[in-house]
1. On average, how much area does the Cα convex hull of segment 74-164 cover when viewed from any direction, in nm²?
2. Rank the residues TRP164, TRP80 as a footprinting-exposure proxy: fewest other Cβ atoms within 10 Å of their Cβ go first.
3. Using only the alpha-carbon atoms, what does the chain span along each of its principal axes? Please give whole angstrom values in decreasing order.
4. How high is the relative contact order of segment 74-164, in percent, counting Cα pairs under 8 Å that sit 6 or more residues apart?
5. Using the Cα centre as the reference, give the magnitude of the dipole from point charges on the C-beta atoms of the chain (Lys, Arg: +1; Asp, Glu: -1; all else neutral), rounded to the nearest 20 debye.
6. Could you pull out every whole DSSP H run in the chain that spans at least 24 Å of Cα extent along its own axis and averages -1.0 or higher on the Kyte-Doolittle scale?
7. What lysines could a cross-link reach from LYS140, if we take a straight Cα to Cα line under 25 Å and drop same-chain neighbours fewer than 8 places away?
8. What ranking of MET48, MET157 emerges when the number of other C-beta atoms within 10 Å of each C-beta is taken as an exposure proxy, fewest first?
Amino acid sequence: MSCRHINEGRQQSVSYAIFRKCFENFDYDKVASYDDTDVERILNTEGMIRSPRKVRAVINNARCYQKVREEFGSFCKYIWAYSDGKTILYDGHDDGPLPVSNGLSDTISKDLKKRGFKYVGAITIYSHLQACGIINDHDKECSCYKRIVRKYPIVRMERDSEVW
């Protein structure tokens, strides 16, 4: 799990630098050990979110992340297992409008919620799947699209319960 995932749960008005500082440079083991004193410290940080629920959710997610890491060896192994370690190219995504979520992101979202994660809806998970390269939604003329298709294992799939 990358800092992108923890960062996707933050409010857009909060600076990345402040968020990163408050959460120990995204060290999950440190964040998982936070207590009420840390929650208060974070809530009192200039420019930081003021929602105790969201701050506690980040701490909770760090603890859930540790459990996934323990069960699967890494969060990376857990998340990439959904695509058998291949980047997914959905029909039509390389030259048309893109969805905000789909069946895969919904499935992963539901599993993460069962594992106790918070603020991991299908839209957030779809964004994470794009960011970490599991879903390649680049235009087929984009150099990133071409590099991924050339260098990494891919699988082409039909559209999957997409939400626009």
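Bear in mind these aren't lab numbers, they're just calculated from the coordinates by the rules spelled out. Please read all numbers here as calculations on a predicted model, not as lab measurements. All Cβ positions, even for glycine, are placed from backbone atoms using ideal geometry, and neighbour counts span all protein chains on display.
1. On the way: hull surface 22.9 nm².
Averaging across all directions leaves 5.7 nm² for the Cα convex hull.
2. Lowest count first: TRP164, TRP80.
3. Principal-axis extents of the chain (Cα, largest first): 49, 34, 28 Å.
4. For segment 74-164, the relative contact order is 46 percent.
5. 300 debye
6. Details: long enough: 52-72 (30 Å, -0.96).
Those that pass (Cα extent of 24 Å or more, hydropathy at least -1.0) are 52-72.
7. List returned: LYS86, LYS151.
8. Details: MET48 21, MET157 17.
Neighbour counts put them in this order, fewest first: MET157, MET48.
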